[in-house]
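Before any comments, here is the structure.
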Amino acid sequence: MSTVDMPAASARVRELLARMTLEEKLAQLVGFWVDKGDEAVAPMSGEMSVAAQYEQAIVDGIGHLTRVYGTRPVDPVERAQWLWEQQRHLRENTRLGIPAIVHEECLTGLAAWKAATYPTPLAWGASFDPELVEVVGRAIGGSMRELGIHQGLAPVLDVIRDARWGRVDECIAEDPYVVGLLGTAYVRGLQSAGVHATLKHFVGYSGSRSGRNHAPVHAGSREVRDVLLPPFEMAVREGGVRSVMNSYAEIDGLPVGGVPDYLTGILRDEWGFDGVVVSDYFSVAFLHTMHAIAADLGQAAELALAAGIDVELPTGHAFLAPLAERIRAGLADEGLVDRAVLRVLAQKDELGLLDETFVEPPASVDLDSPRHRALARRLAEESIVLLTNDGTLPLQAPSRIAVIGPNADSPEALMGCYSFANHVLAHHPEVPLGFEIPSVLDRLRTEFPDASISHTPGCAVEGEDRTGFASAVEAAASADVAIVVVGDRAGLFGRGTVGEGNDVDSLDLPGVQRELVEAVAATGTPVILTLLTGRPYALAWAVEGAGAPAAVVQAFFPGEEGGSALAGVLSGRVAPSGRLPVSLPRSAGAQPYSYLHPMLGGPSPVTSADNAPVLPFGHGLTYTRFERSALTTPAAVPAEGEFEASVRVTNVGTRAGTDVVQLYAHDVYASVTRPVAQLLAFQRIALEPGESAVVTFTVPTSRLAFTGRDGYRLVEAGAIEVWVGASCAERETEAVVDIVGPDHRVGTEDRLIVRVQTAAVGDPTRV
């Protein structure tokens, strides 16, 4: 008899389970990649099922249909007609009549042909705008639901630990609260449209050694609890997320997908998650082939189910025949299968699939509507970070502009790794993009119609070819200003300079791009260095000292409207308001680095190695100046309470602008070492010249919690320094709060999110 505890489920779902054969149960726990064919999107993925096997595969039903829109460039309307037919077949011609969940990637918008491409998540982080990210999520979810898609494989809640890791552009920030708040906003947006979000990658994936993809993770339990887990907890408890994807990582020798510690012990038992856990692609088989903790695929399937994985994606290599054989041999408990099936059927019931009739597919769809483009443009504009500026920006109607660099006239350079264009169309060069994505050069010509604009790439993103330098130097020497657009090309597993599997051991700009910038700067023409990248690069040479460009502008893959956003920032039509969501590194040798370091983790007189970032987390310039003053807090607060921190923000410049008000804290003395700075909360606020406002943060003391010596998270009594500044490194106005009373052990009843209110000075009504 099974000893597996069964989850709560409706009578309808339990009745369905009771009628199922073992084969029908297992069919609900796998995906089928019907369009996969022989194309390989990932190394070590094994032999794929082909379309000819599909009819036999769905005799017993199917749990998921894998990326029916996102595997090849297919017309969305034609594909919807195909999908509705498949769902009708499952409804009408299988014994139990259970339709499939359809899942797709949606990290930078729906990953399908002709769909809008939004800024990459690292740009979300730079915007510091969770309200906008929620609206974006709702718009993306609307397109997905219209096409019969039920589950999106996003957002990525991995906290950035090492800029060398190729998947940095998929992440939001190096701060857990920023990751959690923006990720939770995306979850709410997507799910409000009727599409289940999927958190990934739970947990530890970004902490791999040396920034190498799939490398072991050797994070201590305190780092896991205090840095890597909080974003997921926020999305579960505050966002109500319905799906989670396991991490490929092995943490201290324990593969997350093969032990119950994380997916069951923390996710379900501690946080109360009652949704479905899906495997990252091929990760069940990896327990056998890569982690070597399972002797065969059947044992891998059993370990995964016991750990808490409910669905094997993208196919059923382990959960079908190998698991069935193991169960029939009496080696595995069928109760593990029943538990997972109950969860999957409950999800299908929640999505309405058990009642869906699939009458008519959409006759037309607009996946790149004006609303999509407007949202993509706004998010791109808010995400651009002005790193340095000697006053050259905004440009004052130059008559001659030299536009130089390999990314200046490259639409692909505006898009992240998981955009459909870079993820799929790279395999289909004969197929057009299917949507409009003007390059930076295109939009500069629109932005400055009266200027004479010349263009030369100068060099490629990669490689050692310098033959284009001479024409670049000549163009710059003849211009009033040179806009040099350099950076990355996103791709997968060796196709590009950043993206999944494209990890690096250097944080210098790829190829000879730095040499190109320096050659152009040597002409004496003012240079606007414009970066289109998926990671922060080591840019001390461009930020510090003599010979640096007149201005440096950072854009993290800003999407289809990124060219317009960048042109607007350079002209002054758009006021820059982005902030660095990740520290600008000193060097590759300083990695891994986080601003959340304890005292001994920063620069020190006892070492000659300097790991201080070139620019700190939270940094970003504007075209005006903000003054932050009069921070007020209570003198003391109980350890289980909350406190208000109010600060006055004034635009003391001559232009309208948006400030990102950043509230930081430092626990002066604690029972374990604490970071020298920790972001407690933030808020965007737009102010006209001379205008002031008061921003009030209501901070639950749980924001100051950490894992104590006994392994439990607690709020400890003691003095807390609190400040507001333009970045984590600037204390513009300060206060001290004493945490008093007995220490407080943090539980699931404690709030995780800071409430924020703003009030115009002189207006007693807070808005």
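Coordinate-derived values only; no laboratory data. Keep in mind the model is a prediction, meaning the values are calculated, not measured. Positions of Cβ are backbone-derived with ideal geometry, glycine not excepted, and every protein chain shown enters the neighbour counts.
Enumerate by residue number the GluC sites (Glu not before Pro) in region 179-258 meeting two conditions: DSSP loop (anything except H, G, I, E, B), and at most 11 other Cβ atoms within 10 Å of the site's Cβ.
For GluC sites (Glu not before Pro) across region 179-258 that sit outside H, G, I, E and B with at most 11 neighbouring Cβ atoms in 10 Å, the list is empty.
Among P155, T696, Q86, which residue has its Cα furthest toward the positive end of the charge dipole of the chain, with +1 on Lys/Arg Cβ and -1 on Asp/Glu Cβ? Going by the Cα projections, it comes out as T696.
Taken as entire DSSP H runs, the helices of the chain that both span 18 Å or more between Cα atoms along their own long axis and average 0.0 or more on the Kyte-Doolittle scale are 130-146, 176-192.
Here the chain carries DSSP beta bridges of which approximately 55% are antiparallel, counting only pairs with both residues inside. Amide H contacts of L615: L584, each under 5 Å away and 5 or more positions distant or on a separate chain (H built 1.01 Å from N in the peptide plane; Pro and chain starts excluded). Taking the convex hull of the alpha carbon positions in region 11-349 and averaging its projected area over all directions gives 15.7 nm². For region 234-294 and region 679-723, write down the distance between their C-alpha centroids in whole Å. Rounded to whole Å, the Cα centres lie 30 Å apart.
Here the residues R343, R209, ranked from fewest to most Cβ neighbours within 10 Å of their Cβ, fall in the order R209, R343. Counting only Cβ charges, +1 for Lys and Arg and -1 for Asp and Glu, the dipole size of region 626-760 around its Cα centre is about 260 debye. Which trypsin sites (Lys or Arg not before Pro) in region 465-558 pass both tests, a DSSP loop state and at most 15 other beta-carbon atoms within 10 Å? Listed in order of number, the matching sites are R466.
Placing a pseudo-label 7 Å from each Cα along the Cα-to-Cβ vector at S604 and E462 gives an inter-label distance of 3.8 nm.
The spacing between region 147-165 and region 626-651, judged by their C-alpha centroids, is 34 Å. Our summary gives the chain a relative contact order of 13 percent, counting only alpha carbon pairs under 8 angstrom and 6 or more residues apart. Each Lys and Arg contributes +1 and each Asp and Glu -1, all at the Cβ; summed about the Cα centre of region 323-474, the dipole is approximately 240 debye. Taking other C-beta atoms within 10 angstrom as a stand-in for reagent exposure, Y177, Y418, Y118, Y664 fall in the order Y177, Y664, Y418, Y118, fewest first.
Report the FRET efficiency, 1/(1 + (r/R0)^6), for R12 and S369, where r is their Cβ-Cβ distance and R0 is 41 Å, rounded to 0.05. Don't skip to the end; give the middle numbers.
On the way: r = 37 Å, r/R0 = 0.91.
Once the sixth-power term is evaluated, E becomes 0.65.
Quote the charge dipole size of the chain about the Cα centre in Debye, to the nearest 20; the model charges only the Cβ of Lys and Arg (+1) and of Asp and Glu (-1). Could you put the intermediate results ahead of the total?
On the way: 60 positive and 97 negative charges, 129 e Å.
Dipole of the chain, to the nearest 20 debye: 620 debye.
In terms of Cα atoms, the Rg and Dmax of the chain work out to 26.2, 83 Å. Please give the net charge around L263, taking every other residue with its beta carbon less than 11 angstrom from that of L263, where Lys and Arg add +1 and Asp and Glu add -1. Charge balance in the 11 Å sphere: -2. With just the Cα atoms defining each centre, how far is region 382-424 from region 486-526? Give it in Å. Spelled out, the Cα-based centre of one part sits 13 Å from the other.
Evaluate E = 1/(1 + (r/R0)^6) for E515 and A612, where r is the Cβ-Cβ distance and R0 equals 30 Å; express this FRET efficiency to the nearest 0.05. Working shown, then result.
Working: r = 25 Å, r/R0 = 0.85.
After rounding, the FRET efficiency stands at 0.75.
Relative contact order for region 174-306: what is it in percent, counting Cα pairs under 8 Å that are at least 6 residues apart?
Details: 204 pairs, mean separation 32.5, N = 133.
About 24 percent, as a whole number.
Can you list the GluC sites (Glu not before Pro) in region 684-728 that are in a DSSP coil and have 16 or fewer other beta carbons within 10 angstrom? The qualifying sites are E691.
Does region 384-601 come out rounded, prolate or oblate by the C-alpha gyration tensor, with a ≥ b ≥ c the root eigenvalues, rounded set by a/c under 1.5 and, if not, prolate when a/b is larger than b/c and oblate if not? In terms of gyration-tensor shape, rounded. Residue exposure proxy: K25, K114, ordered by other Cβ atoms within 10 angstrom of their Cβ from fewest to most, comes out as K114, K25. Site pair R751 and D261 shows an inter-label distance of 3.4 nm when each label is modelled 7 Å from Cα along Cα→Cβ. Label separation (T758 vs E23): 6.2 nm, computed from points 7 Å beyond Cα along the C-beta direction.
Can you tell me, using C-alpha contacts under 8 Å and at least 6 residues apart, the relative contact order of region 384-601 as a whole percent?
Numbers: 457 pairs, mean separation 66.4, N = 218.
Taking the mean separation of contacting Cα pairs over the length of region 384-601, I get 30 percent.
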